[in-house]
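We did not get these values from a lab; they are worked out from the coordinates using the rules stated. Everything numeric here is computed off the predicted structure, so don't read it as measured data. In this analysis, Cβ positions are derived from the backbone assuming ideal geometry, glycine residues included, and neighbour counts consider all displayed protein chains.
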Amino acid sequence: MPEYTIVSFNIRGRCEAARMLLADQGLEWKDEFVTIDTWLQGDLKAKAVFGQLPVFKDGGLTLYQSNAILRHLARKHGLYGKDLNDQSCIDMMNDGVEDLRIKYLQLIYKNYEEGKDAYIKSLPAEFKYFENVLGQKKYGNGFLVGNKISFADYNLVDLLCNHLVLAPGCLAEFPLLSAYVKRISSRPRIQAFLSSDAHKNRPINGNGKQ
Ligand code: 0HH
């Protein structure tokens, strides 16, 4: 029986980075998808710590908040750097990913038709920060931090893959970031995950926009 359960809407949304992490680490999980009708009945929302999905189950632990889920898995499976300084840098990078994810989700759910062109124009200003980090030995080069993949890498690659759907040429001016996405996406288990029907058939977002 899989060790972990992810309860979410049937979208990639905020869970796909955790799924990518689990797949890459060779870990098994079970997806339980909640339909909008079930959600609107209200029982699950009432039980949720912050009234939202996803929820993650690891034995007796029930965890809400997608970034807390990533961190839990990272602590358990050695994806949180080699020491305290690495951990803090990984947190910093993940916070940067979260800032961009919030902007992306605001576009998708609140302002898609009117905001898409301006959002795409704003992307170089967002991506340059990550490009700079990849170019600095101070944090890392192959990965965001240090010499080993961390939960922030899965989170960033997932978000960049969504952006490549939104604007296929958006990484063209960023050689390090383009190579990074290709390198991580071609890790054998990630490649298998990304080409699985489960991933491909799962909508990116809940409103059909992408
Ligand atoms: N900070 C939280 C986290 O990182 C944010 C979670 C969140 O936004 O975990 N949850 C949303 C679901 S993602 C939620 O629970 C948005 C997609 C909504 C589309 C659903 C339709 C899917 C149909 C297949 N939203 C529900 C709510 O707030 O009541």
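For Ile90, indicate whether it is under 19 Å from the mean Cα position of the chain (by Cα), farther than 16 Å from Val157 by Cα and crowded, with 18+ Cβ neighbours inside 10 Å. So Ile90 fails the test. Where strands (runs of 3 or more DSSP E) fall wholly inside region 1-73, the ranges with 1 or more residues that are among the basic types (Lys, Arg) are 29-33, 55-58.
Run Gly81 past the list (1) touching a residue at least 40 places away in the same chain (Cβ under 8 Å); (2) away from the ligand (no atom under 12 Å from the Cβ); (3) farther than 22 Å from Leu160 by Cα and report the number of the one that doesn't hold. Result: Gly81 fails condition (3) only. Do the conditions hold for Lys148, that is, is it among the basic types (Lys, Arg), more than 16 Å from the ligand (Cβ to nearest atom) and surrounded by 13 or more Cβ atoms within 10 Å (Cβ to Cβ)? Judged against the criteria, Lys148 is a match.
Restricting attention to region 29-42, the residues that are near the ligand (Cβ under 10 Å from one of its atoms), surrounded by fewer than 16 Cβ atoms within 10 Å (Cβ to Cβ) and closer than 29 Å to Gln191 by Cβ total 1.
For region 5-28, a residue qualifies if it is more than 10 Å from the ligand (Cβ to nearest atom) and surrounded by fewer than 20 Cβ atoms within 10 Å (Cβ to Cβ), and the qualifying residues are Thr5, Val7, Gln25, Gly26, Leu27, Glu28.
How about region 66-75: which of its residues are touching a strand residue (DSSP E or B) at 6+ places or on another chain (Cβ under 9 Å) and touching a residue at least 12 places away in the same chain (Cβ under 8 Å)? Within region 66-75, Ser66, Ile69, His72, Leu73 qualify. For region 72-85, a residue qualifies if it is surrounded by fewer than 20 Cβ atoms within 10 Å (Cβ to Cβ) and either small (Gly, Ala, Ser) or under 23 Å from Asp58 (Cβ atoms) (or both), and the qualifying residues are His72, Arg75, Lys76, His77, Gly78.
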